[in-house]
Amino acid sequence: MFRPIRGMKDLYGVSAKKYEYITEVATKIGAKYGYSLITTPTVEATEVFQRSIGDETDVVSKEMYTFVDKGGDSITLRPEGTAGVMRAIVSNNLAQSLPVKLMYHGEMFRYDRPQKGRYRQFHQVGAECVGDKSPYTDATLICMATEILSGIGIFDFKVLLNTLGDKETREAYTKGLVKYFSRHEDKLSEDSKRRLGKNPMRILDSKDEGDREICQMAPLITDYLSKESAQYFRKVCELLEVCDINFEVDNFLVRGLDYYSETAFEFKSTAGDYDDAIGGGGRYDDLLKVFGGADVSGIGFAFGVERLMLLLDDEKFKEDIRKVAVIPVTDDENDYAFQLLKSLYEAGVPSEFIHHGNLGKKMKVADRQNCKIAIIIGEDEVKNEVYTVKFMDCTDDREKTKSVAAANIVSFIKHNL
Ligand code: HAM
């Protein structure tokens, strides 16, 4: 028997409903904030991710699904949505009037170690706003993200917030980190030793226990912030307070991707013990430029849909829609009943056509399929143009069965379903 690839899941039943619900609520709220949907290809040229996410990140160095295709080109299943959206903005010349505000949802791939809430194929719903750099934009985007969480019914969460400063800040901070980590180099993991020379800020994102301990005493970015970046960050914090957002400043939050500058944030659930981030994002100053676009800054976020799904109650997604069973008594009534089925669909009534086996079996199928009403059509019903309607859950024998004239059946059903 074939099974899905390790770390990849089929979504059906409750999980499919949750997926649909989350993406629908997010897109509706996004539309209110001026975001329209974009769908980009699942695979891109490998360079799209290498150039933007950064070679030293875990995502690029360890987790990408990269293949050489039959034409000899290196292609990669997208590990995140932002890079593809930036590529698409440039490819389609979408940045003629700024800001460009786009939302997306779809599958992402990371060759990570699978565990609860961590998969090799997962889904994100995200948004990007390009071409409007201001603390007001950052605060509005974070507000929108929190509104999406509460819109889908997740209220117990906090926002971890940090600033990664401007270029000047990061250059100074990098020097400070190199000085600090060099003193502890012998105790660093092999990955971190390599990163010390190439991208020391990445060490702060290491999952290695030993590295984490050393990181605890590492210098803070706040001590290196340029005047402009400090002022920018202060204003973002002030605006989030105005918006009543539950946030905490975490100066070690560096995020797992290299493209961030200034505001960076993550969403954590405060219900139960689920500790991984349910979403994250931040500002990026150079990303569009990397793809050959204008030198404008952007900001965005993405939620992990599976992680949001974990926080939603299954029971709420179990209710079936109320539907009708159209049941011809014998095959002779099939065509006649089929006409009724068609009228019900045209009127928007959820219906099932149950026409295999004897009447007893058909009634059992209707019950199993959770139909609330059965319309039974036998020889007499056809002749007299009157249908027998059965309310499946009704316990009062006098009310359980009704005869309804064929001419009125659709409106009767719409009224009583
Ligand atoms: P990220 O933090 O790498 O950011 O991913 C965003 C969210 O995707 C995470 O917070 C998590 O909920 C979910 N996620 C990540 N990896 C997995 C996994 N293996 N299994 C399940 N869920 C996962 C980004 O991807 C950025 N593109 C966000 C962004 C948009 N920044 C600016 N614009």
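Quick rundown of the values:
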| quantity | calculated |
| --- | --- |
| Extended-chain gain in nm, criterion 0.36 nm per residue less alpha-carbon gap, D396 and E168 | 74.3 nm |
| Per residue Cα convex hull volume in Å³ - calculated over segment 276-356 | 227 Å³ |
| Within the chain: Cβ-based charge dipole about Cα centre, in debye rounded to nearest 20 (Lys, Arg +1; Asp, Glu -1) | 300 debye |
| The chain: relative contact order as a whole-number percent, Cα under 8 Å and 6+ apart | 15 percent |
| Extension reserve of the K179-K193 stretch, reckoned as 0.36 nm per residue once the Cα distance is removed | 3.7 nm |
| For segment 82-217, Kirkwood radius (reciprocal of mean inverse C-alpha pair distance, Å) | 18.5 Å |
| Where the Cα pairs of the chain fall when distances are cut into 20 Å bins, in % | 22, 43, 22, 12, 1 |
| Carbon + sulfur, % of accessible area of the chain - ligands and nucleic acids excluded, 1.4 Å | 49 percent |
| Debye equation applied to the C-alpha atoms of segment 1-78, log10 I(q)/I(0) at 0.10, 0.15, 0.28 Å⁻¹ | -0.41, -0.86, -1.14 |
| Packing rank of 278-284, 251-257, where each peptide gets the mean count of other beta carbons within 10 Å, highest leading | 278-284, 251-257 |
| Long pairs among K167/K268; K62/K207; K158/K318; K167/K187, criterion Cα-Cα beyond 20 Å | K167/K268; K158/K318; K167/K187 |
| Residue-averaged 222 nm ellipticity for the chain, from DSSP H runs of 4+ at -39500 (n - 2.57), nearest 500 | -11000 deg cm²/dmol |
| Charge dipole of the chain about the Cα centre (unit charges at C-beta), most positive-ward option of F67, I22, M309 | F67 |
| Of the trypsin sites (Lys or Arg not before Pro) in segment 74-159, those whose Cβ has at most 14 other Cβ within 10 Å and which sit in DSSP loop | K116 |
| Contact order normalised by residue count of segment 320-416, Cα under 8 Å, 6+ apart, percent | 28 percent |
| When the convex hull of its Cα atoms is projected in every direction, mean area for segment 320-416 (nm²) | 5.8 nm² |
| Cα-based equivalent ellipsoid of segment 198-316: semi-axis lengths in Å, sorted from largest, via gyration tensor | 25, 20, 17 |
| Peptides 335-342, 293-300, 138-145 ordered by average Cβ neighbours within 10 Å, highest first | 138-145, 293-300, 335-342 |
| Residues D69 and F2, FRET efficiency given R0 of 30 Å [Cβ-Cβ distance, rounded to 0.05] | 0.80 |
| Residues listed by number, segment 339-367, amide nitrogen under 15 Å from D10 label point at 7 Å toward C-beta | none |
| Hits among lysines - C-alpha to C-alpha of K402 under 20 Å, sequence gap 8 or more where chains match | K323, K362, K364, K372, K383, K390, K414 |
| Reachable lysines, given that their alpha-carbon falls under 24 Å from the alpha-carbon of K101 and they are not under 8 places away in the same chain | K28, K32, K133, K235, K289 |
| Contact order relative to length of segment 235-283, as percent, for alpha carbon pairs under 8 angstrom and 6 or more apart | 29 percent |
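The values are calculated or read from the model by the stated rules, or taken from the named source; none is laboratory data. Since this is a predicted model, take the numbers as computed values, not measurements. Neighbour counts run over all protein chains shown; Cβ positions are idealised from the backbone, glycine included. These accessible areas exclude ligands, DNA and RNA; they are computed on the full protein's heavy atoms, side chains included. Shrake-Rupley method; radii C 1.70, N 1.55, O 1.52, S 1.80 Å.
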